[in-house]
Amino acid sequence: LDITTGKVTQSIEQDDQEDITSFAVSPDDEILVTGSRALLLKQWEWRENKCVRTWKAVHTAPVASMVFDSTSTLIATGGCDSTIKIWDVIKQYCTHNLKGSSGVVHVVEFHPDISKLQLFSSSMDYKIRIWDLKSSNCIAVLESHYSAVTSLTFSSDGKSLVSSGRDKICTVWELKTRTVKRTVPVYESVEAVVILPEEDYGFVSLNNKELNFVTAGSKGILRVWNAASGQCVYSHSPPGPLQEKKEADAEEHSLTYCALVPAIKKIITVTAEHNFILYDLLTLKLKQQFIGYNDEVLDV
């Protein structure tokens, strides 16, 4: 999808027509890896629409989550079989097989400081596990959530972690001591968190020395929180006539995904109706909206 024109410029389709269960693009923008229900991983040169390599995922169930490390050489796959595999995409072999999770591993994230060689994961037991990749052992289990953990986001210095969950809280962790710095009640099921970079924001004055983050979830609105105070410092109204919607109707407008696109200074969200909405990072004003899938159209 070209976000300047809103046109779909390219479509990558698997030969076997198997559903793609997860995918990841490397930070250097060169490699796309897809995982399918056929338990195969495919590596693509996505600009040429060319599959350069197919290999067995070695998971006994589909891959539920996938992420590259910051060097674009390692990729971690979290499976529905409770295991995590780490692959070297350059040398093309499996480097780690991490066991010990409970249920589907639906979140995997590498620590941004590559020298630490740590992987963070969460599965159906609501715990966050820290894996040491030098020893292949789980070195810590962080517990604070009472429902599925939906995202793990690191601060720019790598010293703090914000975890979000469907238990309507966000937890700010001090990674050195592996303790809870603050539990922030956000009063909605949160699907994603974006930590705000140090900028001059037009919509609210923020102390850039403190950690501030944006939540996206079941209410369908973006809200900015201060991690130190646990207070909501800004609440962004949803686009269009959503404000009048009752709480019961809010589900169809809930946000299922949110990410920061630093290159163009925008925040992108995805709604339950599969619409993409782009906001300006500095003003949180709506810039673009791409209509997705709105169920079956029976008549016009």
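The values are calculated or read from the model by the stated rules, or taken from the named source; none is laboratory data. Source: prediction; values computed, not measured. Counting neighbours? That spans all protein chains shown, and the Cβs are built from the backbone with ideal geometry, glycine included. The protein model used for the area step is the full one, side chains on, heavy atoms only, and it has no ligands, DNA or RNA in it. Shrake-Rupley method; radii C 1.70, N 1.55, O 1.52, S 1.80 Å.
Exactly one residue out of VAL104, VAL58, VAL108 is of a type outside the set (Lys, Arg), more than 25 Å from ALA259 (Cα to Cα) and either part of a strand (DSSP E or B) or open to solvent by 20 Å² or more (accessible area, probe 1.4 Å) (or both): that is VAL58.
If you filter region 111-127 down to residues that are closer than 16 Å to LYS159 by Cβ and part of a strand (DSSP E or B), you find that the one that is farthest from the chain's Cα centre (by Cα) is GLN118. Looking at this structure, is VAL172 open to solvent by less than 10 Å² (accessible area, probe 1.4 Å) and over 16 Å from the mean Cα position of the chain (by Cα)? Here the answer is yes, as VAL172 does meet what is asked. The criterion of at least 2 residues that are modelled with pLDDT of 90 or more, out of contact with any Lys or Arg (no Cβ under 8 Å at 6 or more places or on another chain) and open to solvent by 50 Å² or more (accessible area, probe 1.4 Å) is met, among strands (runs of 3 or more DSSP E) falling completely within region 178-268, by 179-185, 255-261.
Yes/no matrix, rows are residues, columns are (1) touching a Ser or Thr at 6+ places or on another chain (Cβ under 7 Å); (2) at pLDDT below 95; (3) open to solvent by 20 Å² or more (accessible area, probe 1.4 Å):
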{"position": "VAL25", "(1), (2), (3)": "no, no, yes"}
{"position": "GLU45", "(1), (2), (3)": "no, yes, yes"}
{"position": "LYS50", "(1), (2), (3)": "no, yes, yes"}
{"position": "ILE75", "(1), (2), (3)": "no, no, no"}
{"position": "GLY78", "(1), (2), (3)": "yes, no, no"}
{"position": "ILE84", "(1), (2), (3)": "yes, no, no"}
{"position": "GLN92", "(1), (2), (3)": "no, yes, yes"}
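If you go through region 140-177 and keep only what is in a strand (DSSP E or B) and without any contact (Cβ under 8 Å) to a residue 12 or more places away in the chain, you end up with nothing.
In this structure, does SER22 turn out to be of a type outside the set (D, E, K, R), under 29 Å from ASP280 (Cα atoms) and in a strand (DSSP E or B)? For SER22, the condition - of a type outside the set (D, E, K, R), under 29 Å from ASP280 (Cα atoms) and in a strand (DSSP E or B) - is met.
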